[in-house]
Every structure is written in C-alpha cells, then in structure tokens.
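Reviewing the structure listed below.
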Amino acid sequence: MKCKRCGSTDIQAIPITYGKIKRRGCLSTLFHVFMTIITLGFWIIVPLIQGGSKGKVKTKIRFVCLNCGKKQ
Ligand SMILES: [Zn+2]
C-alpha cells in the first residue's frame, strides 16, 4: 500500500473504535422478549430499521501515512 499524497510506503494501520458500550439489563431483556411476543416477532426487526448497531462497538481500520500524516 502506498500513500496517495506522497507515495510513501510507511503506512501504519490504526484501529479506531467507536460506538457505545451498552449492557442490556435483565429487565430490558424481558421487555424485549415481551415486545417480540406481542408484536409477533416484528420487534426483532425494529433495531434493524433504527440502524442496527445500537450499543455495539465497531472497529475500523484506518491507514495513516507516517511520512505526511495523510489518512487513507
Ligand atoms: Zn504520505
């Protein structure tokens, strides 16, 4: 891999984590199960509509040029 700006091959992969760490409590799990039952499973797809990854941590790899600092 080469830097797009300066052509240097001194590129470092940096993992970037983002998102919220959210622990689901016992009560909210029961609520979720309850809602799933009374909505006949519709509740399961609700988080998918809302964006899916609520409360999850995502890791993205970014490549940063050590020569000029350009993020790839
Ligand atoms: Zn560069």
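The values are calculated or read from the model by the stated rules, or taken from the named source; none is laboratory data. Here the structure is a predicted model, which is why all the values come from computation and not from measurement. Counting neighbours? That spans all protein chains shown, and the Cβs are built from the backbone with ideal geometry, glycine included.
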- Task: Kindly indicate which of K20, K54 is at pLDDT below 75 and touching a helix residue (DSSP H, G or I) at 6+ places or on another chain (Cβ under 9 Å).
- Result: K54
- Task: Show the residue pairs that are 6+ apart or on different chains and have beta-carbon atoms under 8 Å apart, the first residue being within region 49-68 and in the same structural domain as D10 (by TED's automatic domain parsing) and under 15 Å from Y18 (Cα atoms), the second being within 10 Å of the ligand (Cβ to nearest atom) and at pLDDT below 85.
- Result: R62/Q72
- Is it true that some residue in region 24-46 is within 30 Å of G69 (Cα to Cα) and either at pLDDT below 80 or assigned to a strand (DSSP E or B) (or both)? no
